[in-house]
């Protein structure tokens, strides 16, 4: 099986030191969850009850651990639910969160 974009994203996040992703599952991000399963536990998933709460969790994790906080949510309403937390992030002048929007499955182009 060829490497998908989701596989590449999970691999790159692991290279950057990410060990936890906070979020809420949805159809638009099933590919990322499949890639996380194929990565055999390199990155864990912490499920929130709402997308905005996942953004808060990623922010708090980054602030208190000093590591990168990653939030994932499906496209559409799930993605827009994270914007309030993102606006607050910008006022603090700190990059503490990587946002992964939902995408459809597509193969990664070899380079």
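What is the number of the single condition among (1) closer than 20 Å to residue 69 by Cα; (2) at pLDDT below 90 that residue 27 does not meet?
(1)
Name the residue, out of 22, 45, 33, that is under 11 Å from residue 72 (Cβ atoms), in contact with a helix residue (DSSP H, G or I) (Cβ under 9 Å, 6 or more places away or on another chain) and free of Cβ contacts under 8 Å to residues at least 24 places away in the same chain.
Just one listed residue meets the conditions, 33.
For residues that are touching a strand residue (DSSP E or B) at 6+ places or on another chain (Cβ under 9 Å) and surrounded by fewer than 20 Cβ atoms within 10 Å (Cβ to Cβ), tally how many sit in region 18-37.
Counting residues in region 18-37 that are touching a strand residue (DSSP E or B) at 6+ places or on another chain (Cβ under 9 Å) and surrounded by fewer than 20 Cβ atoms within 10 Å (Cβ to Cβ) gives 8.
Within region 48-79, can you find the residues that are over 11 Å from the mean Cα position of the chain (by Cα) and not in a helix (DSSP H, G or I)?
Within region 48-79, 48, 49, 50, 66, 67, 75, 76 meet the criteria.
Evaluate region 80-100: report whether one residue or more is at pLDDT 85 or above, at positive phi and assigned to a loop (DSSP other than H, G, I, E, B).
no
Collect the residues in region 1-17 that are crowded, with 19+ Cβ neighbours inside 10 Å and out of contact with any helix residue (DSSP H, G or I) (no Cβ under 9 Å at 6 or more places or on another chain), keeping them in residue-number order.
Of everything in region 1-17, just one residue is crowded, with 19+ Cβ neighbours inside 10 Å and out of contact with any helix residue (DSSP H, G or I) (no Cβ under 9 Å at 6 or more places or on another chain), namely 13.
Do you know which residues across region 31-47 are in a loop (DSSP other than H, G, I, E, B), closer than 18 Å to residue 4 by Cβ and over 11 Å from the mean Cα position of the chain (by Cα)?
Scanning region 31-47 gives 39, 40, 42.
Keeping to region 15-30, report how many residues are more than 10 Å from the chain's Cα centre (by Cα), in a helix (DSSP H, G or I) and under 16 Å from residue 58 (Cβ atoms).
0
The values are calculated or read from the model by the stated rules, or taken from the named source; none is laboratory data. Model, not experiment: these values are computed from the prediction. Glycine gets a Cβ as well: all are built from the backbone with ideal geometry, and neighbour counts include every protein chain shown.
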